[in-house]
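Structure record follows, encoded as structure tokens.
The values are calculated or read from the model by the stated rules, or taken from the named source; none is laboratory data. Just so we're clear, the structure is a prediction, and the values are computed from it rather than from any experiment. Neighbour counts are summed over all protein chains in view; Cβ atoms, including those assigned to glycine, are modelled from backbone coordinates with ideal geometry. Ligands, DNA and RNA are excluded from the accessible area calculation, which covers all protein heavy atoms including side chains. Shrake-Rupley method; radii C 1.70, N 1.55, O 1.52, S 1.80 Å.
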Amino acid sequence: MNDMALLDPVRPAGAEARLQRIREGAYRMRHHMLDMGEVQGQGYVGQALGVADMLAVTYLDQLRFAPSDPDHPDRDRFLLSTGHYAIGLYAALAEAGTLAVEELQTYGSDDSRLPMSGMASYTPGMEISGGSLGHGLGVAVGMALGLRHQGSTSRIFNFLSDGELDEGSTWEAAMGAHHHRLGNLLAMVDMNALQADGKTETVLSIEPAHEKWAACGWFVQRVDGNDIGALVEAFDKAAAAAAAEGQPTVILCDTQIGAGVPLLEQREKAHFMRINEDEWQVCREQLTAGHDATQGEHG
Ligand SMILES: Cc1ncc(C[n+]2csc(CCOP(=O)(O)OP(=O)(O)O)c2C)c(N)n1
Ligand SMILES: [Mg+2]
């Protein structure tokens, strides 16, 4: 197989087989997240579990990239604006084949390539050092312009959080993307309804979010971010709309913090979780039980 072939996402024939492959990937990613979280006993595990389905669709079904050559010039770029979600991206990079699963055990340790907040210079496949929130979309706009200028057909996927919609810089970038008709730019927003200081609606209400993005000139969709079928449909539609209209596209994804692990879904303090030693195994068992129960549903 040559490098170019590696750039195309693998999509098994048949709609159900395509979804099943992504579901299994998301399930394994959630296990990786728990395993990494246990190394430190704490972390941004709830958010990562919440966006596992978004990351699985992105990395296993949408992104064009060569896992063993993460700097390939023709790759699509995935920009993790929210550095604190790094644990989620490491799990995705392991499932995609860029990181070895064994390396995940070094998460957050001295000399590890996997620091607790994402650092581009440390981790293969980490495109930017996110974490200073509100900057990701601006960087994405610049990259999208630059790549278009070079005649590249690569796309930029910018992952944002709902907290970043509080930032003026995000909206400046959103208007710029429309102004420059950046059809090569897709934003995906984790609408988990939570921020560091509490519920998003109590910190700074961003609703109606759909209308705000539309007013900035974007092609907008809002979906259940834990429904892999709905996500795939939305990503496919976004790609078609971008190609037809040359318009930036955004997918607002409503997600459940801790998705797949009921013990964590119910946590009150969910932004940064401390999880007791004896709870990790319970989390794993709940994740596996939930997965096994849905196997029957999906045939
Ligand atoms: C510019 C900036 N301001 C403040 C912070 C501190 N901070 C880190 S995470 C976070 C919450 C942001 O909201 P969101 O990403 O939606 O939080 P989550 O869903 O992860 O709870 C804040 C304010 C930061 N990293 N960058
Ligand atoms: Mg949030």
note = For segment 110-247, the dipole about the Cα centre with charges only on Cβ (Lys and Arg +1, Asp and Glu -1), to the nearest 20 debye, works out at 580 debye
remark   = Restricting to lysines and to Cα separations under 20 Å from K269, and discarding same-chain partners fewer than 8 apart, the set is K199
Residue (of A52, L6, G83) at the positive-pole extreme of segment 1-126, dipole from beta-carbon charges = A52
ask   = What FRET efficiency, computed as 1/(1 + (r/R0)^6) with R0 = 35 Å and r the Cβ-Cβ distance, is obtained for R11 and A293, rounded to the nearest 0.05?
value = 0.85
key: Fraction of the pair-distance distribution of segment 88-185 above 19 Å, Cα-Cα pairs, percent   = 51 percent
remark   = A 1.4 Å probe over the protein heavy atoms gives segment 164-299 a carbon and sulfur accessible-area percentage of 50 percent
remark   = In nanometres, the difference between 0.36 nm per residue of separation and the alpha-carbon distance of S152 and E233 is 26.6 nm
note = Per the charge dipole of segment 186-299 (beta-carbon charges, Lys/Arg positive, Asp/Glu negative, Cα centre), the residue among V189, T288, G229 reaching farthest to the positive end is V189
message = Taking amide H atoms as placed 1.01 Å from N in the peptide plane, list the residues 5 or more away in sequence, or in a different chain, whose amide H sits under 5 Å from that of I156.
response = R77, L185, L186
request  = Consider a paramagnetic label point 7 Å from the Cα of E265 along Cα→Cβ; state which residues of segment 36-61 have an amide N under 20 Å from it.
outcome  = 44-57
query = What accessible area per residue comes out for the chain, rounded to a whole number of Å², with a 1.4 Å probe?
reply = 42 Å²
request  = Would you mind getting the Kirkwood hydrodynamic radius of the chain from its Cα pairs, rounded to one decimal in Å?
outcome  = 19.2 Å
request  = For segment 1-60 and segment 204-230, write down the distance between their C-alpha centroids in whole Å.
outcome  = 22 Å
ask   = For segment 227-291, what class follows from the C-alpha gyration tensor (a ≥ b ≥ c being the square roots of its eigenvalues): rounded when a/c is under 1.5, otherwise prolate if a/b is larger than b/c, else oblate?
value = prolate
inquiry  = Tell me whether segment 184-260 comes out rounded, prolate or oblate; compute the Cα gyration tensor, take square roots of the eigenvalues as a ≥ b ≥ c, and use a/c under 1.5 as the rounded threshold.
reply    = oblate
inquiry  = Let me spell out the model: positive unit charges on the Cβ of Lys and Arg, negative unit charges on the Cβ of Asp and Glu, origin at the Cα centre of the chain. What dipole size does that give, in debye rounded to 20?
reply    = 720 debye
query = Ignoring any ligand, DNA or RNA, what whole percent of the accessible area of segment 39-132 comes from carbon and sulfur when the probe is 1.4 angstrom?
reply = 45 percent
Lysines whose Cα lies under 21 Å from that of K237, excluding same-chain neighbours fewer than 8 positions away = K212
request  = For S132 paired with Q20, estimate the spin-label separation in nm (one decimal), with each label point 7 Å from Cα along the Cα-to-Cβ line.
outcome  = 4.8 nm
task = Place a +1 charge on the Cβ of each Lys and Arg in segment 1-51 and a -1 charge on the Cβ of each Asp and Glu, then give the dipole magnitude about the Cα centre in debye, rounded to the nearest 20.
result = 180 debye
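Ordering V141, V39 by how much accessible area each has at a 1.4 Å probe, largest first, what is the list?
These residues rank, largest area first, as V39, V141.
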ask   = Which is the longest run of the chain containing none of the GluC sites (Glu not before Pro) found in DSSP loop states (not H, G, I, E, B) with at most 10 other C-beta atoms within 10 Å?
value = 1-267
